[in-house]
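See below for the structure under consideration.
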């Protein structure tokens with residue numbers, strides 16, 4: 001097929017192709033194991049600079065010890081640090097977790113708020129984390145922009161922006177609200193499995209025929225990040 005001429009046209013094709021490649025809801029596709037919005041929020045905070053596999057090894061112990069915001073807000077920081085040590089940056093993450101739980105208790109009755117404007121006021125929560133919680137836990141519009149979404153968006157020339165917030169707004173203008181969370185998760189999965197930072201597998205990519213970068217990336221010079 002001919003390449004779509006506009007970013008919006010490419011976004012439409014990308015969304016459809018990735019939906020076939022990675023079927024399921026946002027909750028199905030989210031790699032972080034959780035049962036509640038609180039657990040997802042805590043797991044997402046832990047996932048910074050850490051693999052989802054490692055986080056999933058740590059969270060069962062964390063949630064057994066601190067099953068809700070009330071218990072985590074009262075936690076001994078050293079005990080939390082010991083549980084989450086293997087996720088990296090464990091002191092800062094422990095402060096964020098306890099601060100997050102305290103904020104939920106003090107401001108929101110121990111519940112995770114739905115609105116992004118409220119979520120980003122919670123310690124350890126930025127737009128990416130807030131959008132993860134909105135889209136996965138609450139099935140609300142939210143498009144998290146991580147390194148994979150940023151890389152693929154630029155390679156596919158959906159946007160020339162490099163700032164994650166501007167990328168989010170650019171993609172929001174092209175992706176229907178109900179599809180934003182699952183679109184982000186599919187971009188992440190594709191970035192991990194196929195359109196990797198150092199060696200993108202253009203020869204087996206379902207987007208190669210509509211990707212403006214495919215010929216360059218598929219050649220000998222693969223170093224576009």
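Observations
- Inter-label distance for residue 35 and residue 216, nm, one decimal - labels placed 7 Å from Cα along Cα-to-Cβ: 4.9
- Computed [θ] at 222 nm, deg cm²/dmol, the chain (DSSP H ≥ 4; -39,500 (n - 2.57); rounded to nearest 500): -15500 deg cm²/dmol
- Helix 37-46 axis, angle to the chain major axis (alpha carbon atoms, nearest 10°): 70
- Fully extending the segment from residue 201 to residue 56 would add 49.4 nm, taking 0.36 nm per residue of separation and subtracting the current Cα-Cα distance.
- Once the Cα-Cα distance is subtracted from the 0.36 nm per residue extended length, the residue 120 to residue 79 segment shows a gain of 12.2 nm.
- Residues of the stretch 128-156 with amide N under 12 Å of the 7 Å Cα→Cβ point at residue 25: 136-140
- Per-residue Cβ neighbour counts within 10 Å put 187, 100 in the sequence 100, 187, beginning with the fewest.
- Crossing angle, helix 7-21 versus the chain [Cα axis fit, 0-90 degrees, rounded to tens]: 70
- Remark: 66, 22 ranked as 22, 66, counting other beta-carbon atoms within 10 Å and listing the fewest first.
- If you take the Cα centroid of the stretch 146-216 and the Cα centroid of the stretch 50-87, the two points sit 32 Å apart.
- As an equivalent ellipsoid, the stretch 1-106 spans semi-axes of 36, 14, 13 angstrom, where each value is the square root of five times an eigenvalue of the C-alpha gyration tensor, largest first.
- Two-site FRET efficiency, residue 86 against residue 111, from Cβ-Cβ distance with R₀ of 25 Å, rounded to 0.05: 0.30
- The Rg/Rh ratio for the chain, using Cα coordinates for both the radius of gyration and the Kirkwood hydrodynamic radius, is 1.01.
- Approximating the spin labels as points 7 Å out from Cα along Cα→Cβ, the residue 163-to-residue 64 distance works out to 4.5 nm.
- Rounded tilt (10° steps) of 180-193 against the dominant C-alpha axis of the chain: 70
Here, each number is a calculation from the coordinates, and none is a lab measurement. Given the structure is predicted, the values throughout are model-derived calculations rather than measurements. Don't worry about glycine lacking a Cβ; one is built from the backbone with ideal geometry, like all the others, and counts go over all protein chains shown.
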